[in-house]
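See structure below.
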Amino acid sequence: MMNKVPVILISGFLGSGKTTLLLRLLAHTRQIPLRAAVLMNEMGEYDVDSAIISAEMPDVTVEGLLEGCICCSKRNELAGALHTLLSQDPDVIFMETTGVANPEQVLEELRSPLLADRLYLVHSISVVDAELFHEYNSRFTADKELVRTLHGQLRSADFIVVNKTDVANSREVAKVVKNIRKLNNTAKLQTTEYSRIDLEPLLEPILTSVWVGTKPVQVFQLTSAQSQPSDAGASSIPIPVKDNEGSSYASRSTAFKVISAHRHNHSHDHDRPHSFSRLESLTLHQYSPQTLEKQRLEDFLTGLGSSLLRAKGYCVLPHEGTMLLQFSGNHLEWQPTALPVSQGYVTLIGEQLDKAFITDQWEQCFVSL
């Protein structure tokens with residue numbers, strides 16, 4: 001029998017810090033060393049997060065499923081992408097879902113006959129934004145599909161990272177932990193900032209299997225947390241627990257591949273539960289010969305108001321060069337990058353985006369003053 005490859009699934013809502021955690025895990029496996037492969041899932045037409053990985057770790061194999069969620073519209077392409085990674089003979093596969101994917105449905109797919117004999121789940125990790133957790137839960141109360149997704153990200157986890165505690169006060173963090181425990185009181189939980197967590201316990205089962213020389217034979221569990229011992233003490237806060245189209249490859253200017261990069265129209269299989277409803281993405285391209293000024297872009301993003309939840313992409317600026325843009329929760333960050341980007345782009349994710357208005361405002365960013 002062929003040895004099974006361990007999988008670590010990383011989920012969490014938009015901008016919670018999933019990719020930062022993934023980069024830390026990849027850096028750690030590299031030092032051990034372990035051969036890691038990555039499956040990235042993005043709502044937008046470009047895979048920003050895969051580009052980040054490729055820029056920092058070009059030796060890591062990355063597959064990207066774009067313009068849809070692997071829990072619904074991209075679900076039938078998941079097995080093919082994973083088998084592509086398996087052909088590289090990795091020691092571990094990391095899977096990062098979109099911020100609006102329900103990992104409960106992904107775990108169900110991983111138990112299918114196409115995958116169950118080749119993979120086994122080590123951890124299902126959920127990353128939470130401590131500052132925005134209650135705001136998002138309150139804001140999306142009327143959207144039953146999205147609430148189901150947010151809760152599913154927590155229920156399915158055996159390890160929960162309450163991130164960005166540096167921008168949330170201690171009382172708010174305590175409330176977040178308390179509410180998480182109402183949904184999942186068995187998962188290990190750690191509060192942190194910048195996704196800095198103890199990585200050794202997460203990778204220990206993988207190291208054991210590699211050193212022994214054989215992968216354990218086991219099946220996926222629907223909810224990993226159900227079989228994990230409680231570890232409320234792992235939190236830094238002492239909180240008592242109360243309760244489609246055919247697959248195809250398209251080359252990019254960056255050093256990674258994408259699978260079936262067609263426009264996502266949010267069509268879902270009606271026999272399966274939806275992961276989200278009103279949230280959608282829009283990718284804006286830096287086609288204009290006019291330069292894009294940094295301040296005008298910042299004003300453009302903040303001017304979109306509360307409908308914009310997340311923005312990320314690469315922008316070619318006249319003075320700074322190519323910069324990685326990250327926008328979440330009204331926090332905007334810029335990072336220089338050496339990644340070769342011929343034309344900049346920004347992917348917006350939000351609630352009922354007025355695409356005509358946004359496109360017009362984007363074009364205004366290039367109008368000479």
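The values are calculated or read from the model by the stated rules, or taken from the named source; none is laboratory data. The shown structure was predicted, so the numbers you read here are calculated from the model rather than taken from an experiment. Cβ coordinates were reconstructed from backbone atoms using ideal geometry, including for glycine residues, and neighbour counts include every protein chain displayed. Each accessible area value is taken on the protein alone, full model and side chains, heavy atoms only, with ligands, DNA and RNA left out. Shrake-Rupley method; radii C 1.70, N 1.55, O 1.52, S 1.80 Å.
Just a few scattered comments:
- Exceedance of the 31 Å cut-off in Cα-Cα distance is limited, within the set LYS4/LYS164; LYS182/LYS294; LYS4/LYS188; LYS18/LYS294; LYS4/LYS175; LYS182/LYS355, to LYS4/LYS164; LYS182/LYS294; LYS4/LYS175; LYS182/LYS355.
- Debye intensity ratio in log₁₀ form over the Cα atoms of the range 46-182, taken at each q of 0.13 Å⁻¹: -0.67
- Residue-level accessible surface for LYS175, protein heavy atoms, 1.4 Å, Å²: 100 Å²
- Size of the range 282-369 as Cα extents on the principal axes (Å, biggest first): 33, 26, 19
- Accessible area per residue was computed with a 1.4 Å probe on protein heavy atoms; TRP334 scores about 40 Å².
- Kirkwood-type radius of the range 81-134, with distances r between different C-alpha atoms, in Å: 13.1 Å
- Ranking by accessible area, most exposed first, for GLU193, GLU333 with a 1.4 Å probe: GLU333, GLU193
- Protection proxy ranking, peptides 87-96, 283-292, 106-115, 6-15, average beta carbon neighbours within 10 Å, highest first: 6-15, 87-96, 106-115, 283-292
- Taking the 1.4 Å solvent-accessible surface of the range 79-214 as the whole, the part contributed by carbon and sulfur is 49%.
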